[in-house]
Amino acid sequence: MVRSFCYFSVMILLSALLIGLLGYGDQVVSAPSGSRQQREALVRALGLTDLALCSEARYTRNPTQADLFSAFQDYPGAFEHFPTGAIILPDPVGFTSRVLFRQARP
Amino acid sequence: MRRQLKILEYTLSSLWRRKFKNLSLIAVYSLTIAALGSVLLLTHALKQEALTSLSAAPELVVQRVAGGRHELIPVSYAATIAALPGVTAVTPRVWGYFYDSLIKANLTLLGIGEEPGRLELLDGRLPTTEQECAIGDGVRQAFGPGLNDVLVLEDSGSRRVEYRIVGVFASASNLLTNDLVVLTEPAIRKFFLIAPGMATDLAVAVPNPREIKTLAKKIKYHLPDTRPISRAEILHTYDSLFNWRSGMLLAVAAAALLAFCILAWDKATGISVEEKQEIGILKALGWETADVLTSKFWEGLVISLTAFVIGLLAAWIHVFLFKAPALTPLLKGWSVLFPDFQLNPSVDLYQVCVLAFLTIIPYLACTMVPAWKTADSDPEQVMRN
Amino acid sequence: MALLQITDLNKIYHRRRPDEMTALADISLAIEPGEAVALTGPSGSGKTTLLSLLGCMARPTSGNIFLHERNIARLPERFLARLRRESFGFVFQHYQLLRDVNVLENVMLPLYPTERSFREMKAAAGAVLERFGMLSMAGKKVKQLSGGEQQRVAIARALIAQPEVIIADEPTAHLDGDLARELLRIFQDLHSEGTTLIMATHDPLLAQAAFVQHRIRLRFGRIEEDLLL
């Protein structure tokens, strides 16, 4: 049953490698990491609120801080920042900012 | 068990007989799964990075909104907010965007007040005078100058301003600082012509997380032209952002997967004359319907499981070893300064299981269902046809 | 006690459709253990259909088929498959071998669903190939063999499970005179070992062979003559 043996051997090897990589990732993420604490310290010190991932427009650079209608504000006829802008909701921020005046309590 | 292994042996032999076709099928299927898997792994890792790093973001950020647009906020609002119980500190933040026409990139300029102490991810130090700055690694690479060199920018009055670079953020912090230029607060006010009584927004420290939502409502009540943004909302944004962001890429990859399924279904539903004849012969020789279907099951499982394992391995290597070169252009969009980052290999097992389910089960169905009718027919009828 | 007995057997294809066709009508016959039966008749007389029904490869529309006095006409599929595997060996008119598979694996096919180990299967296949002088061609693909060689592989496959009945449908149809005579000799040997043979044939060489003990002639799906010799 040579073929079955070969197939199982290859699959066990590949699966072990995959599980090993997944397990390694899980271990790296869950273990307390010096570099993670350093990044947290940096965020705390500078008061950062967003990742510096997409710097092409205000609302893509700081999506959590963006205005409600940030898209197209750069220039009246400015085209959309595709693909980034096309897939960010105009108002990605959730609940607190839309609290109605009458609901608030002093 | 022995019977299963023998049928598997026959199935592998049958697959190997058409090795070119089946190996091509595995290759294409693996590529599709690798594309899909890469999207899932990259967006999940980015999300995790955001959620862990930004867990130290300010508890509340208060903006001012006028006419639906973000406006500068009076620093005097800080006193009103600081008076609310539960608030321990209110820090005016002065920051903004700067477009440099030379490198055609947007920079984020950030002003700092008192020095926060030593930062491990900073090579050098933070600026202490108006003529100093600290820059992100992306800015250093784009402009050229390094530590102790001079960075030249054009301020809001179109004046040429020079800053000595006293600190460069380490590449390990690129995801957070890639396009940053940190100046002292007086320097940034001068740069953006922001009056001393105004700020971009206010960072509010609230030690008790259970009070944040209530305080946000109180701030909104007392200062109706403000817009409080909590840390939870910041994290929620990134939680949903990469789902949306990956949604586009996922749509592309899903379209590819769907096309592949259509091809596979087309192949499977038009069960070939040779396959029908083979099934007829096996049944005539004493194979039961269940044995034939078991063979088809193994055939589908071998191909789809092999493709899944190879595809996911390729996705992991593509994203975490090679930093996803095929996907980052899509995420980068129009950004000129895109951070070169190394992600933690964080994987969501639920997503992996869903991917496995979506890739293996449909293919099994595609392989077994069309053969069912033939396998269930009398062998004489099959061979006669 | 008859090995195989058929009573009032009917087989109708495409029933209640415009192209309805009666392949067999009111067939009754009995076959004794160890008998050599020649089934003759013109094309379309129902020979292949009758062999298929006897070999549990199709189900009758009505009537009964008894094997060792047990009615097998309406058994569930898995029992029929077991009978095909253990009690019957079928030699098809067009051999029905897997052309891209080698000789050894073709011969082993009936044993896959059994409890025998792979090693035992290979040994059994080797033994039966050796009997027909085909062991040296075990690794060759079937499509590389001549007609006579393929026929011998088909017979080897039919014999591997040591069935009590061999059913052969026009076994000499694609063979020349010498090969046909060789096949006749093989069948004669099998018959002398006690195997029951049921052969559908146009070939007078086979139909009138000395070892044939029972001749049945079909016409238009009915038995025209049932002769014990």
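The values are calculated or read from the model by the stated rules, or taken from the named source; none is laboratory data. All figures in this text were calculated on a predicted structure; none of them were measured in a lab. As a convention, Cβ positions derive from the backbone with ideal geometry for all residues, glycine included, and neighbour counts pool all protein chains shown.
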It is to be established whether one or more residues within the range B:337-351 are touching a residue at least 40 places away in the same chain (Cβ under 8 Å), away from chain A (no Cβ under 14 Å) and among the hydrophobic types (A, V, I, L, M, F, W, C).
no
Quick one: which residue in C:Arg70, C:Arg74, C:Arg78 is over 18 Å from the mean Cα position of the chain (by Cα), surrounded by fewer than 18 Cβ atoms within 10 Å (Cβ to Cβ), more than 14 Å from C:Leu4 (Cβ to Cβ) and more than 9 Å from every other protein chain (Cβ to nearest Cβ)?
C:Arg74
Can you find a residue in the range B:143-153 that is touching a residue at least 24 places away in the same chain (Cβ under 8 Å), farther than 22 Å from A:Leu46 by Cα, surrounded by fewer than 15 Cβ atoms within 10 Å (Cβ to Cβ) and within 30 Å of the chain's Cα centre (by Cα)?
no
Within the range C:109-123, restricting to residues that are charged (D, E, K, R) and touching a helix residue (DSSP H, G or I) at 6+ places or on another chain (Cβ under 9 Å), the one that is nearest to the other protein chains (Cβ to nearest Cβ) is C:Glu115
Looking across the range B:267-300 at residues that are more than 18 Å from B:Leu5 (Cβ to Cβ) and among the hydrophobic types (A, V, I, L, M, F, W, C), the single one that is modelled with the lowest pLDDT is B:Ala268
Examine the range C:156-171 for a residue that is within 14 Å of another protein chain (Cβ to nearest Cβ), assigned to a loop (DSSP other than H, G, I, E, B), under 23 Å from B:Asp291 (Cβ atoms) and free of Cβ contacts under 8 Å to residues at least 12 places away in the same chain, and state whether such a residue exists.
yes
Screening B:Ile262, B:Ile303, B:Ile310 for residues that are at pLDDT 90 or above, in a helix (DSSP H, G or I) and more than 25 Å from C:Asn106 (Cβ to Cβ) leaves only B:Ile310
Scan the range B:15-33 for residues that are crowded, with 19+ Cβ neighbours inside 10 Å and either basic (Lys, Arg) or over 13 Å from B:Thr306 (Cβ atoms) (or both) and jot them down.
B:Thr32
Scanning the range B:98-128 residue by residue, the ones that are at negative phi and assigned to a loop (DSSP other than H, G, I, E, B) total 15
All but one of (1) within 14 Å of chain B (Cβ to nearest Cβ); (2) buried (at least 22 other Cβ atoms within 10 Å of the Cβ) hold for C:Thr40; which doesn't?
(1)
Subset of the range A:17-52 (residues that are at pLDDT below 85, facing another protein chain (nearest Cβ under 7 Å) and within 20 Å of B:Asp137 (Cβ to Cβ))
A:Ser35, A:Arg36
Residues that are at the interface with another protein chain (Cβ under 8 Å from one of its Cβ atoms): find the helices (runs of 4 or more DSSP H) completely inside the range B:129-246 holding 1 or more of those.
B:137-143, B:174-177, B:212-222
B:Ile112: touching a strand residue (DSSP E or B) at 6+ places or on another chain (Cβ under 9 Å), surrounded by 14 or more Cβ atoms within 10 Å (Cβ to Cβ), of a type in the set (Val, Ile, Thr) and within 15 Å of A:Leu48 (Cα to Cα), yes or no?
yes
Kindly list the number of the only condition in (1) farther than 30 Å from A:Ala57 by Cβ; (2) within 7 Å of chain A (Cβ to nearest Cβ) that fails for B:Leu15.
(2)
Give me the residue from the range B:111-132 that is in contact with a Gly (Cβ under 8 Å, 6 or more places away or on another chain) and of a type outside the set (D, E, K, R) and, out of that set, nearest to A:Val43 (Cα to Cα).
B:Leu122
Hey, C:Lys140 without any contact (Cβ under 8 Å) to a residue 40 or more places away in the chain and in contact with a strand residue (DSSP E or B) (Cβ under 9 Å, 6 or more places away or on another chain) or not
yes
Of the residues B:Thr11, B:Thr32, B:Thr43, only one is modelled with pLDDT of 90 or more and touching a Phe, Trp or Tyr at 6+ places or on another chain (Cβ under 7 Å); which?
B:Thr11
Is it the case that the range C:37-44 has a residue that's within 27 Å of B:Glu288 (Cα to Cα) and either in a helix (DSSP H, G or I) or of a type outside the set (S, T, N, Q) (or both)?
no
Just to be sure before I move on: is B:Val39 of a type outside the set (Lys, Arg), in contact with a strand residue (DSSP E or B) (Cβ under 9 Å, 6 or more places away or on another chain), more than 30 Å from C:Arg99 (Cα to Cα) and surrounded by 16 or more Cβ atoms within 10 Å (Cβ to Cβ) in the structure I sent?
no
Condition first: modelled with pLDDT under 85 and either touching a strand residue (DSSP E or B) at 6+ places or on another chain (Cβ under 7 Å) or surrounded by 23 or more Cβ atoms within 10 Å (Cβ to Cβ) (or both). Now tell me which residues in the range B:51-72 satisfy that.
B:His70
